[in-house]
Structures are given as structure tokens and as C-alpha cells.
Amino acid sequence: MTCLSNETLVTEFVLQGFSELPRLRLPLFGCFFLYIVALTGSAAIIAVVSRSASLRSPMCFFLCNLAATDIVRTSSALPKVLAGLASAENTISFPGCTAQLFFLTWSASSELLLLTVMAYDRYTAICRPLHSSSRMSPRRCRSLAVGVRAVCAFNGSLHAGLMTRPSFCGPNVVAHFFCESPPLLLLSCSPTLVNSILTVLADAFYGVVHFLLTLVPYGCPVTRRRRAFSTCSSHLLAVSVRYSAVLCARISPASSCSPERSKGSAALYTMLSPTRNPISYSLRNMEVTRALGRLVQALLHPGVRGLPP
């Protein structure tokens, strides 16, 4: 559907961000600190796992994938947030908006599927140790990682592609700090039923179905082996926080989208979640912690020989 003759087709959007809360402008610059922490933590995980021969387990492999996903997610959202805080008006072109929507959808859904795969890996390692090497072989792990990326790329492409379907010829202020389907659809001057249905179905699939698929594998280690609870508890906490944010922010039609709720929940999975993931999944892993210590020692003392691999 096209715009009426007396209406102008929108070619760029204005991201509202937190402009309605000017008193929070200075505290929100803490996003820069979170961005640096998230990038540093994720890059450190990738470097440690890549350099250490002892970290070749499926869990460490998927930790690398999760860290790469966090880098994409934070880099897709936080730079525009900081730009909006530093300027009076934060604009983004329509192609740039759809690109941001794609990368955020792709990275967010990839994390949810990776959490499910990591839960299954914990299940096989603790409850089926004799079959763990065959069920989570290097080849199968690579296949799972490629499959996750492909499925989520299709999901992101579908959301971004369908966003070019509605017409935008009225207000162009997005009540959010990045481009997301529900607030964008509120600005459309044409029917958005197909987009709304797809958004609800996709978010229900990722936010509900995969939440259950993630919790079930953790049930066996926690109930059958209490010693495994200390290993799984941090993972379960991270999963619970991540899915709570998704369910609160996304499982609703565009017409009932609450800007305040959406912004608060989105802040959890675009700012806090990538900052917390290295701690929850890596720094509480003794093998990763020791390897990180060796890497730091090697960087501080490059001439020292005999450091363990």
C-alpha cells in the first residue's frame, strides 16, 4: 500500500531514546562503560579459548559463539544509544533501521538457541558422560553452530524484509532507543497484521518454546546430582534473566507495546546481558579462569618462558 498524495514517504526515523528523561542523560553515559566491558569480556573469551589447547570442550566452543553474538548485539545497539545521548536528535535512515533490526534480531535469537544447545551439552556431560563425546563431537558442534546461525539469519531476514512491506508516511519518531518491530509498526500508515502475527509467533517460538527446551536439560543435573547445581546455577540465573527480558519486551502485539516497558526490558538484553555473560558463563568456569590468568601473565611478561599452555 502506498501513501496518499498529500503525505510524504518517510526516509529516515528519529530514535527517541531517553530524551523524555533528560535528568538521566549523565547516568546513561554509563552505557559506554557497559559497552567497553561487554566488548572486552567477549573478546577476552574468544582470545583465551582460541589460544589455549586445553579449552577444546563443546562448552568452550559455544562460549566463543556466544561471545561473538554478544559483540554483534552490543555493537548494533549501543553506539546509536551513545550518539543519541550526545546529540539533540538521533536519526537513522530507513535502510539503516532495517539493517539494525536484522542484526539485533539475528544476534538476539542466536543467543537463545545457543543457550539451548549449551544446556543440552551440560545434560550430556553430567547425566550421559559415556555418550558425551559422540553426542557432542567437534563435527556435530560445528554443525549445530552453523545451523543456529542459518536459522537465526533467516529469522532476521524475514523480520527485516517484512518491515519494508508497510508504508511509513506519518510520524517518524520511534519510541525506543533502537529499531525494533513493535514500535516501528506503530508508525505505519498501512495494515500491519502480517508483521504483527509474525512478530508474536517468532517471539513465542524463541521466548517460550526454547525457554522450556533450555530448562528441561538442566532438570536432570540439578535433581540427580546436587554437586552439579553449583555449576548450573549461574547458567540458570543468566537464562532466567535473559528470557524474562524477552518475554516482557516482545511477547505482545504492536498495538499494546508499552515504550517504558519495552525500553527497560531491551536494556537488559542489549546492555546488561552481554556484560553479565562473560561472568556467568566463563569467569565461574575454573578452566577458563586459569587460561585467562595465563594469557594475562603472558601479556604482562612476554619474555617469560615455560608458561603452561
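The values are calculated or read from the model by the stated rules, or taken from the named source; none is laboratory data. Please read these numbers as outputs of a predicted model, since none were measured by experiment. Virtual Cβ from ideal backbone geometry, glycine too; neighbours counted across all protein chains shown. Just the protein is used for accessible areas: all its heavy atoms, side chains included, with ligands, DNA and RNA removed. Shrake-Rupley method; radii C 1.70, N 1.55, O 1.52, S 1.80 Å.
Here are some notes:
- 3J(HN,Hα) from dihedral phi, region 110-119, Karplus parametrisation 6.51/-1.76/1.60, rounded to Hz, x for glycine, proline: 4, 4, 5, 5, 5, 4, 5, 5, 5, 5
- Exposure check, 1.4 Å probe, all protein chains in place: E12 carries approximately 80 Å² of accessible surface.
- Placing R0 at 22 angstrom, the Cβ-Cβ distance between A53 and T289 gives a FRET efficiency of 0.85 after rounding to 0.05.
- Taking R56, R165 and ordering them by how much accessible surface each has at a 1.4 Å probe, largest first, produces R56, R165.
- With the cut-off at under 15 Å, measuring from each backbone N in region 189-209 to a point 7 Å along the Cα-to-Cβ line of L158 picks out 194-209.
- Placed amide H near L186: partners under 5 Å, 5+ positions off or other chain: none
- With all protein chains in place and ligands, DNA and RNA left out, the 1.4 Å accessible area ranks R149, R135 as R135, R149, largest first.
- At an R0 of 22 angstrom, the distance between the Cβ atoms of V151 and S190 translates into a FRET efficiency of 0.15.
- The H on the amide N of V174, modeled in the peptide plane, is under 5 Å from the matching H of V14, L15, Q16, each at least 5 residues off or on a different chain.
- Stretch gain in nm, segment A43-L201, where the contour uses 0.36 nm per residue and the Cα spacing is subtracted: 53.6 nm
- Label-point separation in nm, V209 to F29, each point 7 Å along Cα→Cβ: 4.6 nm
- Here's how it looks for C169: its modeled amide H is under 5 Å from those of V10, C189, which are all 5 or more places away or on a different chain.
- Phi angles across region 93-106 convert, under the Karplus curve 6.51 cos²θ - 1.76 cosθ + 1.60 with θ = phi - 60°, into 3J(HN,Hα) values of 5, 4, x, x, 5, 5, 5, 5, 4, 4, 5, 5, 5, 4 Hz, Gly and Pro given as x.
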